[in-house]
1. Here's a check for you: in the stretch 180-210, which residue that is among the polar types (S, T, N, Q) and modelled with pLDDT under 90 is surrounded by the most Cβ atoms within 10 Å (Cβ to Cβ)?
2. Among the residues of the stretch 156-204, write down those that are free of Cβ contacts under 8 Å to residues at least 40 places away in the same chain and within 30 Å of the chain's Cα centre (by Cα).
3. Taking the stretch 122-173 as the search range and keeping residues that are among the acidic types (Asp, Glu) and part of a loop (DSSP other than H, G, I, E, B), which one is farthest from residue 207 (Cα to Cα)?
4. What are the residues in the stretch 52-76 that are crowded, with 17+ Cβ neighbours inside 10 Å, closer than 13 Å to residue 7 by Cβ and of a type outside the set (Gly, Ala, Ser), if any?
5. Sort out for me the helices (runs of 4 or more DSSP H) sitting completely within the stretch 1-118 that have 2 or more residues that are within 30 Å of residue 204 (Cα to Cα).
6. Looking at residue 175, is it on the phi < 0 side of the Ramachandran plot and surrounded by fewer than 18 Cβ atoms within 10 Å (Cβ to Cβ)?
7. Does residue 163 fit the bill of being farther than 19 Å from residue 236 by Cβ, buried (at least 17 other Cβ atoms within 10 Å of the Cβ) and among the basic types (Lys, Arg)?
8. Filter the stretch 22-33 down to the residues that are within 48 Å of the chain's Cα centre (by Cα) and without any contact (Cβ under 8 Å) to a residue 40 or more places away in the chain and list them by number.
Amino acid sequence: MEFQKLFQNLGLEEKEAKVYLALLRSGEATATKIAEKTNLDRTLIYQLANKLIEKGLVSYIIKNNVKYFSATNPKKFIQDLKEKENQVRKAMPELANLMKSKEEETKVEIYRGKEGLKTILKDIIRTGKDYVAFGEEGRFQEILPIDVHRFLKELEKNNIYEKVLIRTDFRGKILKSKNSEFRYLPKEYLSPATTAIFGDKVANFIWTAPYYAILTQNKEVADSFRSYFNALWKIARI
């Protein structure tokens, strides 16, 4: 086994590993002796030995006013690793919360053109959860007729259900699947922009050419829009 590389992997610098390995092999040794075995400068040996002493990997005794260095048992590496592992384990709950906070940061993306609209439709299917939408005026089927048919089939295939709020004057004009449930409201209740809420995402569609989709990812925002949708759903007509 290449012990020097092993010690480097365990956190020692290259020259520190050389000194520690030399001491393991020779037992007690003076700086001069270590310098001979490692081909390192004698002055540097003192610096490296002091660093290893700070790490608890080297000790020394003085005989006749001369320092003799010796390596501590390599089991010290295992003890240090176990100690670090325990520290990480104790910190894991807080670290997980940090990650969760990071994940819950708001992300906003803007998609442009027909391909951007298709991306959102695919994302709804990929999410794999029931979703809700309001402000639908048939613009999807007008702009992406083939993709909308495919999307509706994917809803059925993946057992995803949609609830959609539609303007009363568009009754009977919007394509639907077996998994679609529509309710209707007067136009003053709905914006000309279409909004879809799926998972922790909200997609707002702007139908002015070349068409835009603004995708916001944030659980609180999505839940807020979903609550607004549910309030409208209760007063909408079947």
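1. 191
2. 157, 158, 159, 160, 161, 162, 200, 202, 204
3. 130
4. 52, 57, 58, 72 - these are the residues of the stretch 52-76 that are crowded, with 17+ Cβ neighbours inside 10 Å, closer than 13 Å to residue 7 by Cβ and of a type outside the set (Gly, Ala, Ser).
5. By residue number, 75-103.
6. yes
7. no
8. 22, 25
The values are calculated or read from the model by the stated rules, or taken from the named source; none is laboratory data. The structure displayed is predicted, hence computed values, not measured ones. Don't worry about glycine lacking a Cβ; one is built from the backbone with ideal geometry, like all the others, and counts go over all protein chains shown.
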